[in-house]
Every structure is written in structure tokens, then in C-alpha cells.
Amino acid sequence: MQAKPIAPAHTFNYGGSRVNIYHADKGMGLPSHTHSYDHASFCTAGSCVIRTAKVTATINKDSQPLNLIGKEWHEIEALEDKTVFVNIFAENKY
């Protein structure tokens, strides 16, 4: 299933990294895409599914951040209303 696309609720730079914070309801998120760099993703409220070519993982506030590998397609989809997830991109990669 493709997530309904959303824009970040908050985005800022911190210590050379880009931080994007998303507020999503069920079915919203980031549809399948690729980019050339890795980034860390984690969920702070609710839950979401992260799909890649190799793995499908459900994450929530108790899950470890996941490293999404550059040049591999991936998507993030909220599984419930009021989900909050975060993507952090390393310096000079955004």
C-alpha cells in the first residue's frame, strides 16, 4: 500500500544535520522513494510501518531508530492517527 504523502510539520538543522518531524494520521506518510544518502528514522508517538526492498518493520516509541540505506527504495506509513515520526539526515546530505 502507498502512503498518502505529507510534508514535515517541523524541519530544522541542528549540529550539521537536517531533522524532519512528521505528524501523520493512519495511512499518511512518505510514499515509496529513493535518494542517494542514508538517514535514520524513528517513531515517537503512535506507530508506523517502514518498508524497504529487503525488510518490513513496524516501529513505535519503544523501537530503536532504523537506518534506511541510500539508493534503496523505502516508504513510511502511519498505522494509527496522531503518529509522529522523525527522519534525520547526516551533514551535507539534504
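No lab work stands behind these numbers, since they all come straight from the coordinates. The model shown is predicted, which means the values in this text are computed figures rather than measured ones. Note that we place each Cβ from the backbone using ideal geometry, even for glycine, and neighbour counts take in every protein chain shown.
Mind listing just one residue for me: the one in the stretch 5-47 that is of a type in the set (V, I, T) and surrounded by 15 or more Cβ atoms within 10 Å (Cβ to Cβ) and, of those, nearest to H74 (Cα to Cα)?
I6
Quick one: which strands (runs of 3 or more DSSP E) sit completely within the stretch 1-69 and have at least 3 residues that are farther than 23 Å from D81 by Cα?
10-14
Can you tell me how many residues in the stretch 16-38 are touching a residue at least 60 places away in the same chain (Cβ under 8 Å) and not hydrophobic (A, V, I, L, M, F, W, C)?
Qualifying residue count, the stretch 16-38: 6.
Those residues that are among the hydroxyl-bearing types (S, T, Y) and touching a strand residue (DSSP E or B) at 6+ places or on another chain (Cβ under 6 Å), I need them from the stretch 37-94; list them, please.
S41, T44, S47, T52, T58, T83, Y94, listed by residue number.
Can you tell me which residue within the stretch 48-94, out of those that are closer than 18 Å to Q2 by Cβ and of a type in the set (S, T, Y), is surrounded by the fewest Cβ atoms within 10 Å (Cβ to Cβ)?
Restricting to residues being closer than 18 Å to Q2 by Cβ and of a type in the set (S, T, Y), the top hit is T56.
For residues in the stretch 51-94 being touching a residue at least 24 places away in the same chain (Cβ under 8 Å) and among the hydroxyl-bearing types (S, T, Y), which is nearest to G27 (Cα to Cα)?
T83
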